[in-house]
Amino acid sequence: MNMRNQVLRGLPRRLVADGLLDETVATTAVNDAGLAKISLTQHLVETRLLTSRQVAWATACEFGLPLLDLNALNLAACPRDLLDHKLVAKHMALPLRKHMGRLSIAVSDPTDERALNEIRFQAGMTVDPVVVEFDKLRTLVARFLDVQDADLGAGLGGFDDLQLEQLGGEVADEQALLGSDADDAPIVRFINKVLLDAIRRGSSDIHFEPYEQRYRVRFRTDGILQEVAKPPTALAPRLAARLKVMARLDISERRVPQDGRIKIRISKTRAIDFRVNTLPTQYGEKVVLRILDGSAARMGIEALGYEPDQQQIYMEALARPQGMILVTGPTGSGKTVSLYTGLNILNTSERNISTAEDPVEIYVEGVNQVQVNPRVGLTFAESLRAFLRQDPDVVMVGEIRDLETAEIAVKAAQTGHLVLSTLHTNSAPETLTRLANMGVPGFNIATSVILIMAQRLARRLCNACKQVAELPRAVLKEAGFDSIDMPLDQIKVHRAVGCVKCHLGYKGRVGIYEVLRVTPTVSRLIMEGANSIEIGEAACREGFRTLRQSALKKVAEGIIGLEEANRVTTD
């Protein structure tokens, strides 16, 4: 009985009095939280006994403290230099505002006196706790520290313990890579932090850029470049040298571009590859790292964003014993992921699969991958010739760049092999005319190409904060919504807003596709020398959906916004 009286004080007593918890459940929750060494608030939310909002409201009422909705908080206005970031992560306490010697702190558990005392000591001022919802606080602290939710307290490791590996998987000499000079330690920590931050944010590229008066580091996240750091200009040569050492490049050569790779093992089960390129500029060397996460190519075709009919057409083409599948689009449109997704579907012990790539971006077990090297004569064409002498079932060519490669690929597709490749064109119909302009006869195109997919990547709207945008019927019609077989009065267009769970209203990306099947009608037009417009019009009569129509369909489904559709596609 004494134990029960001791337990049911403060917040637990309030929860029982408000009818939110049964007395027995509340007692058990307090004991379980104590055994797990976490706050009662965290335990209640993570076990879903109560919602985060219910706990926050009861906490604020019980202790007479203000309650703040973090959706209304401008994170950029929060003071960043008052508290050590380790302390913020340790206690899940976010500094909100400094005013007249007092610091307002967002917390989910204001009864943690130890946390408040440590914050008070480090800040050197009076601390005023403000109650907030636990899940929103965790998300916002993650953004404040530039880490993912799951990384708080566990995560990807520290900045000093990255494991760099050689491409063959052999562990590199850590002392040689990390540097033995104490003066290099800050450079090593900074580079490691940048690499980990980029991985945590899901970025695709990192840009290290020297200028006359400044040096900046930018991440490309969801297709948009964002500046993330401005190290001193004087450090530019040392930053470039450190990256070149990691990529095993010649640090004494600063006059010509160089290419290399970095492999970092961030856990026992996950490794990330970086493709590194250096470029001499007027004020130093610009270094760009492309992040190659093999898990992106193994996430399954269902996650790529194909409409059901488009996915079925792609799967049917992959099931064909021979023919050519082409994926087109600009750099960074997700062509590699689409190709590797197809390869993973085809990758069985019964098939002999070979690829020629420049460079090999994602390593796949069971696939014979060749890195082309034109300097020694190992071109796409030479690789293809060698493949055809080794009894392949499936061949992938990284890119068809010239007539010689195109002719060999066509020959392979006509002689019992399934060929996958890419081209840089803006649309699927334009790919057919591009092959013809390269010099491939129309008959060979019509009898070898079975499928062409053009694609773009668009930023997904955040489901937590997107809002319906009221648009007049005339605007919807002008945008082209009358072409997607959906009544205009049923279309709801959403817009980006922004909240603690996303960046400027967007979270992740989704593919936008046009999938052109080479039917007898399209084959006839190819052999007649029709242009891309005529081919596109004929395909549309057979159910083909353009990139614009696919994008508008995703707008109508609330997946992307109209502004994003306009950014990645045109009428």
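The values are calculated or read from the model by the stated rules, or taken from the named source; none is laboratory data. Everything quoted here is computed from the prediction, not taken from an experiment. Quick reminder, even Gly has a Cβ in these numbers, built from the backbone with ideal geometry, and neighbours come from all protein chains shown. Surface accessibility is based on the protein's heavy atoms, side chains included, excluding ligands, DNA and RNA. Shrake-Rupley method; radii C 1.70, N 1.55, O 1.52, S 1.80 Å.
Can you confirm whether segment 422-443 contains a residue that is buried (at least 20 other Cβ atoms within 10 Å of the Cβ) and closer than 18 Å to SER354 by Cβ?
yes
Would you mention how many residues in segment 122-140 are of a type in the set (Gly, Ala, Ser) and closer than 15 Å to ALA464 by Cα?
Matching residues across segment 122-140 total 0.
It is to be established whether one or more residues within segment 63-70 are on the phi < 0 side of the Ramachandran plot, surrounded by 14 or more Cβ atoms within 10 Å (Cβ to Cβ) and assigned to a loop (DSSP other than H, G, I, E, B).
yes
Need pairs with beta-carbon distance below 6 Å; first residue open to solvent by 60 Å² or more (accessible area, probe 1.4 Å) and within segment 483-498, second in a loop (DSSP other than H, G, I, E, B); sequence gap 6+ or separate chains.
ARG495/GLY561; VAL497/CYS465; VAL497/GLY505
Search segment 382-421 for residues being farther than 23 Å from THR341 by Cβ, free of Cβ contacts under 8 Å to residues at least 60 places away in the same chain and among the hydrophobic types (A, V, I, L, M, F, W, C), and hand back the single one that is surrounded by the most Cβ atoms within 10 Å (Cβ to Cβ).
Result: ALA406.
If you scan segment 526-571, which residues turn out to be open to solvent by 20 Å² or more (accessible area, probe 1.4 Å), part of a helix (DSSP H, G or I) and either charged (D, E, K, R) or at pLDDT 95 or above (or both)?
The answer is GLU534, GLU537, ARG541, ARG548, LYS553, GLU563, ARG567.
Quick grid of which residues meet (1) modelled with pLDDT of 80 or more; (2) open to solvent by 20 Å² or more (accessible area, probe 1.4 Å); (3) within 25 Å of the chain's Cα centre (by Cα); (4) under 24 Å from GLN54 (Cα atoms):
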{"residue": "LEU103", "(1), (2), (3), (4)": "yes, no, no, no"}
{"residue": "GLY124", "(1), (2), (3), (4)": "yes, yes, no, no"}
{"residue": "LYS136", "(1), (2), (3), (4)": "yes, yes, yes, yes"}
{"residue": "GLU170", "(1), (2), (3), (4)": "no, yes, no, no"}
{"residue": "ALA176", "(1), (2), (3), (4)": "no, yes, no, no"}
{"residue": "ARG189", "(1), (2), (3), (4)": "yes, yes, yes, no"}
{"residue": "ASN192", "(1), (2), (3), (4)": "yes, no, yes, no"}
{"residue": "ARG214", "(1), (2), (3), (4)": "yes, yes, no, no"}
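Just to be sure before I move on: is ALA446 open to solvent by 10 Å² or more (accessible area, probe 1.4 Å), farther than 20 Å from ARG517 by Cα, in a helix (DSSP H, G or I) and not charged (D, E, K, R) in the structure I sent?
The answer is no for ALA446.
Could you go through segment 506-522 and let me know if any residue there is in a helix (DSSP H, G or I), in contact (Cβ under 8 Å) with a residue 24 or more places away in the chain, closer than 23 Å to GLN311 by Cβ and open to solvent by 20 Å² or more (accessible area, probe 1.4 Å).
no
Mind checking which residues of segment 105-121 are touching a residue at least 24 places away in the same chain (Cβ under 8 Å) and either open to solvent by less than 30 Å² (accessible area, probe 1.4 Å) or in contact with a helix residue (DSSP H, G or I) (Cβ under 6 Å, 6 or more places away or on another chain) (or both)?
ILE105, ALA106, VAL107, SER108, ASP109, PRO110, ALA115, ILE119
What residue, among those in segment 89-101 that are at pLDDT 85 or above and among the hydrophobic types (A, V, I, L, M, F, W, C), is surrounded by the fewest Cβ atoms within 10 Å (Cβ to Cβ)?
Among them, the one singled out is LEU96.
Inspect segment 364-385 for any residue being of a type in the set (S, T, N, Q), assigned to a strand (DSSP E or B) and under 26 Å from the mean Cα position of the chain (by Cα) and give the result as yes or no.
Yes, that holds for at least one residue.
From (1) within 29 Å of THR546 (Cα to Cα); (2) touching a strand residue (DSSP E or B) at 6+ places or on another chain (Cβ under 9 Å); (3) open to solvent by 20 Å² or more (accessible area, probe 1.4 Å), pick out the condition that doesn't hold for GLY305.
(3)
Would you check which residues across segment 435-471 are more than 23 Å from the chain's Cα centre (by Cα) and either small (Gly, Ala, Ser) or under 20 Å from ARG545 (Cα atoms) (or both) and list them?
Result: ALA436, GLY439, GLY442, ALA446, SER448, VAL449, ILE450, LEU451, ILE452, ALA469.
Can you tell me how many residues within segment 32-53 are in a loop (DSSP other than H, G, I, E, B) and closer than 24 Å to ARG114 by Cα?
Total satisfying the criteria: 3.
Given the criteria in contact (Cβ under 8 Å) with a residue 40 or more places away in the chain, of a type in the set (Val, Ile, Thr) and surrounded by 20 or more Cβ atoms within 10 Å (Cβ to Cβ), does ILE266 qualify?
No, not satisfied.
Here's a check for you: in segment 430-443, which residue that is part of a helix (DSSP H, G or I) and touching an Asp or Glu at 6+ places or on another chain (Cβ under 9 Å) is nearest to GLU537 (Cα to Cα)?
Across segment 430-443, the extreme among qualifying residues is GLY442.
State all residues of segment 16-31 that are free of Cβ contacts under 8 Å to residues at least 12 places away in the same chain and not in a loop (DSSP other than H, G, I, E, B); if no residue qualifies, say none.
VAL16, ALA17, THR24, THR28
Might you let me know whether segment 338-346 holds any residue that is open to solvent by 40 Å² or more (accessible area, probe 1.4 Å) and closer than 21 Å to ALA412 by Cα?
Yes, segment 338-346 contains a residue that is open to solvent by 40 Å² or more (accessible area, probe 1.4 Å) and closer than 21 Å to ALA412 by Cα.
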